[in-house]
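Before any comments, here is the structure.
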Amino acid sequence: MSRATGRHRTATRIRLTDRRRRVGIGITAAAALAAALLSAPAFAGTTVSPSEAGSPPVVRQNGVTVTAATGAQFYYRTANNITNANNTAFTDQTQGGFLLTKAFGRACVGNNTAVGGKNNSPRDTITVTDPNNVVVASKVSPVRNVNAGGAPAANPQPAPNDSNYLGDFPGTGGTHGFSFPVDLTGKPAGIYTVTTVTENKVKTDTSAVQGTCQTGYPSPTNNKVAVLGAQTSTTTFEYRPWQNTFTDVFAGGKVFANVVPSEFQFTVGGQTSAIYGAGYQRFFSLPDATTFMLPSDPATCAADPSTCLPVAAHPCDPAAGCTPRLMTIAKNQGVDKLLGIFDLKTKAFVAGANINGTERVLMSLGTENDALYHDLLVKLAAAAAAQGIDLWSLLATKIRLATGDNELTLSLLNGLQIAPSDAKGLQIISDTTVQAGVILDIYANLGSTTCATNSTSSANAPLKYTPTAGSGYTVTRTALPSVPAVGPLAAIASGPVYHITGKFTGGSSTASAVIGVDTAADQPNGYPVWLSPFTGIHAASPKTMDFLGTASWTASETSLGSLGCFTVDFMLGTGVAIYNNSLPVGFGTLLSPAFDATPASDQLNAQIDSAVQTVVTTVSANPVVSGVLNTLLASLPLPV
């Protein structure tokens, strides 16, 4: 991709092999007296690597190596021939000529720019400029160790002086050219230009020893004369780094994707796919306040996005200026297959990937959440795999929230997408918090104690659950009347009233008021209250929970033999929850037979129902919340 510019473009037609043949002829005394100036040096080309084939080549990495295959050279006359002043020859390195030349003071040497210093050495200067013509790197050819037969670069490089030689030398042996790294980290994408200025040196005087060094080279059309001036060549490459990188939380692979231009590549199990362009990716916009929950079935989602996208999502054409939030990739043919959905904002994704038969599910909870859950997930995955259990299957297990005609599904994976708060500042010492509204709670733990296999859910009688390992949920259906299905949240705000307590020892515990009120103990104000999602979803990692309200829930314990007991509890409910309660009074006390619950039951139930309806009405009326509410209810065929 090199081209010569300026007045000396014809020099590029001279091939390196031609020059070497002529140099070989000139080593005899007869040829030295009869030959003219050697042909001009060829541009072997300045290259950039690694790069992808293209016009211009494409660079993805944030670091490349620029290489000049050959460098500038020195030409001089071997004798003072009065009858033909242009008779010259070039002493070849194979004779040890350069060493001899330097010893006799014939060479053009020096890179000393001080006043009175010698600065005559041949040299190459390579400059790399970005799309805005800003110089990002510049390098002058190194000083060569001319006392070594192969004339490699001196190490360490000497300070500028009168005898340094920065040029190349003829012949096929030794070390030619030079290279240097260029760091593109943080640099703009686009077309970069690599400019090589070659300053060959010639002595055109008839006095071989005392001749004057000038910048030039033997003419390619008349090798008895020198063409004065430097030679310039340029080459270009396109820096097109991956705009988005999605990393599997289990380190099983990565997906690289660009939005404009539309293209992607992925890795699985140490293998790398080809790069694929437009035709497989689809993009969708989503309001900033809208949350997105990963689907349990990435293949179906990628093939038909309508099965998993929030109702607020709309097709988005990035080439027309639309900024997408979600991306699907559906490539299901050939040796490389990838089916998945990707959140361009959080980098959460789930995808089925296959390269040459190496297949696995790649997933991430997002950059922030992966940092929180990575160690736990890796530990659980290893323990589950030892027992023949696929952790992905557990994470993809759906929780069904149904009222008969209307239905909403969530998965354990969705629950893990909610990250704990990282608030800083003056904090209330007590970590007791209260949440009211639509509450999501999830607990996963691999304990050291043994347990018996034990599981049930709100979809199965007898609507209660007691753990055997000493941690997790304890669920009791109360004697309070069931809440009727009323309002837009009927699917999750109706049904039996449960008393659910949680003891969360080790593992991962996450509690969040998805829609509602949350008194946050870690907030730097006198009376910390979150009205979610005005300030985003606030999530906590409680050690205990005391919940009263309606809920869809599942609780399970799985024995992993000597590895311990694997506990997974999940709850999406509407009511009130107290976390890390340090007082002896809780909902269990209020529901105790020691209290006269008969007249209070209806009143308490009415108060709970009223509180829930107030929260739902207040929050739903705010336009900021509408996106979250629509997302939560996207799967419900609500009546008009």
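The values are calculated or read from the model by the stated rules, or taken from the named source; none is laboratory data. In this text the structure is predicted, and so the values were computed from the model without any measurement. Virtual Cβ from ideal backbone geometry, glycine too; neighbours counted across all protein chains shown. Ligands, DNA and RNA are stripped out before the accessible areas are found, and what is left, the full protein with its side chains, is counted by its heavy atoms. Shrake-Rupley method; radii C 1.70, N 1.55, O 1.52, S 1.80 Å.
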Next on the checklist: At R0 = 41 Å, how high is the FRET efficiency between residue 386 and residue 61 if r is their beta carbon distance? Nearest 0.05 is fine.
Outcome noted: 0.60
Checklist outcome for this item: Once both label points are put 7 Å beyond Cα along the C-beta direction, the residue 212-residue 119 separation in nm becomes 1.8
Item to check | Subset of 379/543; 254/331; 254/337; 345/379 violating a 22 Å alpha-carbon distance limit | outcome: 345/379
Checklist outcome for this item: Yeah, the stretch 306-384 with a ≥ b ≥ c from its alpha-carbon gyration tensor (a/c under 1.5 is rounded, else prolate when a/b outruns b/c, oblate otherwise) is oblate
Next on the checklist: Could you compute how much accessible surface residue 306 exposes when probed at 1.4 Å, giving the result in Å² to the nearest 10?
Outcome noted: 90
Item to check | FRET E, pair residue 317, residue 367, Förster distance 22 Å, beta-carbon r, rounded to 0.05 | outcome: 0.25
Checklist outcome for this item: With +1 at each Lys and Arg Cβ and -1 at each Asp and Glu Cβ, the charge dipole magnitude of the stretch 281-369 around its Cα centre, to the nearest 20 debye, comes out at 100
Item to check | Pair residue 172, residue 333: separation of 7 Å Cα→Cβ label points (nm) | outcome: 4.9
